[in-house]
Structures are given as structure tokens and as C-alpha cells.
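Trainee: Just dropping this structure here.
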Amino acid sequence: MTDTVLEVADLAVEFPTEDGTVRAVRGVGYRLGRGEALGIVGESGSGKSVTALAVMGLLPATARIRGSVRFDGEELLGLSDARLSEVRGKGIAMVFQDPMTSLNPVYAVGYQIAETLLRHNPGMKARAARERAIELLGAVGIPSPERRVDAYPHEMSGGMRQRVVIAIAMANDPDVIIADEPTTALDVTVQAQVLDALETARAETGAALVLITHDLGVVAGHTDRVAVMYAGRMVETGSVEDIFYTPRMPYTLGLLGSLPRLDREEARLTPITGSPPSLLHLPPGCPFTPRCPLARDACLSAEPPLRPAGAEGHLSACHFSEELVGTGAEEVFETAGADSEALARFADAAPLNTPEEGTV
Ligand code: ADP
Ligand code: MG
């Protein structure tokens, strides 16, 4: 056993399509310590889900995958389906945005939890499994679990269904839980309940967590580290404090500027304008250039590598990250004079992506 439970290195995923090759993930890497929580944040289309599906071995057969995904030291890329489904069942549990992806509509939720328990504990008695299912439903905050255990998924609200999925993940006693936009379809109060349920699942199982979201606000209280993704790459990574208090990539500043502020009298929002580039025909250079207030010629020729940006483990991919020391989103996004000529040239080279309806 090592301290690292999941290690992704140089992961690249491409989809050949009629229009060309979609470079969905372009060299993503992270290391997840045992019990640690990592937030992966970025706008729709930045490659978050494709990264997660690659880790789980759930990408369509057409996907071209390179790099390495090690779980407990074992390389998962290229494993047989049989061995992979073993790992998926026990080692890594996944929570999707839509709980009906994981729940079977024709069985009561208690039955589905018990089934998972019995699969992993062949000696367990059916009655004990039912008792444990009730306990797990209670643990994830389902009211009257002894009654709800016999309910069908359609008799529950979306938030409750998502908590059932988390109860099933707990029943697996996984080492890693990957939750992909688990709260996106839910209103704010219910979001908090689902995030609490994930906390409980982590506390009870000791699992590490990868929490994927387009909402930087969601990761704040729930992860130790954050990775920001843009156009298929990680563009900044660090502790929650690094990301929230000393961001070194203009895109991160933009995401922060879009958050509602509770600590200011007048809640001033500084959203980023424009949309992410298409991953079909990425021109050279930094893909954030057309939207970046710091952009200049150098940004058009070379894509900046992830490099140290201050505290240990804090990395950012911006040629000019030093210029962000001591600045806030308002200053950068409202007063910096972007090089409009350079921006226009990049925009010509990179047709903007039209975000698809319904993808988050
Ligand atoms: P996110 O989860 O960050 O919103 P995704 O990881 O789902 O983004 O998608 C990243 C990119 O990969 C998007 O441009 C998306 O359209 C593309 N993509 C995802 N799946 C496929 C596929 N099966 N075939 C072609 N392109 C895909
Ligand atoms: Mg997604």
C-alpha cells in the first residue's frame, strides 16, 4: 500500500469524428492521496467527464486513449473488461449527475443497496443486508429510512435519489469515489444535503474523493485540492487556499470573479465573456487567449506549460502568471488592456465553440 491511491499521468483522449479529431483531453495528470479530496473545476466541454470516464474505463470504443491511470499501483489502461469491472465495483465508485444512470427503476432502493452489500460480502444474511441498507439510508440523510427502504426510485425526489446512489457507493466500501457534477441538477438546499452525504460517505469508508463540477463554489468546503481545467488541460492546480486566495491563471480569476460574493456590500460580479474554443481545430498558443485580459503576442505562439506558481504543489499554466501576484478578479478583468489585435487574430484562427444544450 502506498499513500497514493489513484495516479493519472499524461492522459490524452481523442475522438475521431467526421469533422476531424476532437482532442477532448490533452495531457491531464493528478495524484490522489488515500482519503484525500480533489475538486476538478471547469466550464462545460473542458474535458472533465471524459477524464473521469477514461479513469473508469467507460469511454466508447472509438476513443483513442494514451497515458497512464494507476489504481493502487495497478495500471488500468489496457486491462481486460473482467478485471476492470472488478476494480469499478470495489475500488472506485462513480456518482453521476443523473442518479437514474446508476439506479434500476424496477427495484426498491433498499433491495439495490442490499444487492451491492451481498455481492461484496457473500456470507452476509439477507436480513442483515436489509438492516445495513436502512442504516446507510439514514447515514446519507434520508428521513424515515425504515420506510423508505422499500420505496422505488420514482417515488423519491432527485436529491433523495442522488443520496441513494451515494449510499450504494458506501456499500461498496470503495477506495475512491468519483462524483461527476453530482449536484448540478439540484437546487441549492438540496445540493448542500448531497454534498453532506458525500462527506459522510468519505468519513465512513475512508475513500478519497474526486469531485467534478463547473461551479468553483461547490469545491470550497468539500475538497483539499483543486484542479482547474480548460480546453482539455489542467491550467492551474493547488490547495483550495492557493486557488481561492492567490490564483495565478487569469481563467481561475475569471471563475472566481463569477462567484457571488458574500463578503462585499455590493455583490460585484466579473464574469468571463466568450466561450471556450472548439477542441476540433485548436490553434497553437494558449487556448484562453481570446478571452484573456492579459493576452499578448507571446500567448499566440506557445501553449504555456504548467509550472510552479508559489506555494509547493501550486502550478499554473500562464506565461504571465507573475503579473497576477496581488491582484483580484475585478482589476484583471476590468482594467487590464487586452491586446485587441492579437485577440482578433486568435479569434480568426479558432472558431468559438457553441456550447451544446444541456451539457454541463
Ligand atoms: P465536461 O465534462 O468538462 O463538460 P466533456 O469531458 O464531457 O466535458 O467533453 C469534452 C469534449 O469532448 C467536448 O468537446 C465534447 O463534445 C467532446 N466529447 C465527449 N465525448 C465525445 C464523443 N463520444 N465523441 C466525440 N466528442 C466527444
Ligand atoms: Mg461533464
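Trainee: Along the charge dipole of the chain, pointing to its positive end and built from +1/-1 on Cβ of Lys, Arg, Asp and Glu, which listed residue (Pro308, Phe15, Val218) has its Cα farthest out?
Mentor: So the residue furthest toward the plus end is Phe15.
Trainee: Residue by residue, what Karplus-based ³J(HN,Hα) values in Hz, rounded to whole numbers, does the stretch 142-156 have, using 6.51, -1.76 and 1.60 with θ = phi - 60° and x for Gly and Pro?
Mentor: Taking θ as phi minus 60°, the curve returns 7, x, 6, x, 5, 8, 5, 4, 9, 7, 8, x, 5, 8, 10 Hz for the stretch 142-156.
Trainee: Now for a different question. Enter the angle in degrees (range 0 to 90, nearest 10) between the Cα long axis of helix 340-349 and the first principal axis of the Cα atoms of the chain, meaning the one along which they spread out most.
Mentor: 60
Trainee: Okay, moving on. Which is farthest toward the positive dipole end of the stretch 4-223 among Val50, Ala192, Gln162, measuring Cα position about the Cα centre, with Cβ charges +1 (Lys, Arg) and -1 (Asp, Glu)?
Mentor: The residue sitting farthest along the positive end of the dipole is Gln162.
Trainee: Helix 109-120 versus the longest principal axis of the chain: what is the Cα-based angle in degrees, 0 to 90, to the nearest 10?
Mentor: Tilt relative to the chain: about 90 degrees.
Trainee: What are the ³J(HN,Hα) couplings of the stretch 132-141, residue after residue, when phi is run through the Karplus curve with 6.51, -1.76, 1.60 and θ = phi - 60°? Round to Hz, x for glycine and proline.
Mentor: Calculated HN-Hα couplings, in order: 5, 4, 5, 4, 5, 4, x, 4, 8, x Hz.
Trainee: Ranked highest first by the average count of other Cβ atoms within 10 Å around their residues, in what order do 111-121, 95-105 fall?
Mentor: Ranking the peptides 111-121, 95-105 by packing returns 111-121, 95-105.
Trainee: To continue, here is another question. Expected output is a single nm value to one decimal: the length gained when fully extending between Leu58 and Arg147, i.e. 0.36 nm times separation in residues minus the C-alpha distance. What is it?
Mentor: Length gained, Leu58 through Arg147: 28.6 nm.
Trainee: Quick one: in the chain, what % of C-alpha pairs are over 26 Å apart?
Mentor: 52
Trainee: In terms of modelled amide H atoms, which long-range or inter-chain residues lie less than 5 Å from the amide H of Asn121?
Mentor: none
Trainee: Using only the alpha-carbon atoms, how far is helix 188-205 inclined from the longest principal axis of the chain? Give it as 0 to 90 degrees, nearest 10.
Mentor: Value to nearest ten degrees: 70.
Trainee: Would you please give the residues with an amide H less than 5 Å from that of Gly33, counting only those at least 5 places away or on a separate chain, with H modeled from the backbone geometry?
Mentor: Val5
Trainee: Please give the length that would be gained between Glu322 and Glu18 if that part of the chain were fully extended, namely 0.36 nm times their separation in residues minus their C-alpha to C-alpha distance (nm, one decimal).
Mentor: 105.3 nm
Trainee: Further question: List every residue whose amide H lies under 5 Å from the amide H of Ala295, counting only residues 5 or more places away in sequence or on a different chain, with H placed 1.01 Å from N in the peptide plane.
Mentor: Long-range HN contacts for Ala295: Asp339.
Trainee: ³J(HN,Hα) across the stretch 79-86 via Karplus (A = 6.51, B = -1.76, C = 1.60, θ = phi - 60°), whole Hz, x for Gly/Pro?
Mentor: Working through the residues one at a time gives 5, 5, 4, 4, 5, 5, 6, 4 Hz.
A short reminder: the numbers here are calculations on the coordinates, not readings from a lab. Note that the structure is a prediction, hence the values are computed from the model and not measured. Note: ideal-geometry Cβ built from the backbone for every residue, glycine included; neighbour counts use all protein chains shown.
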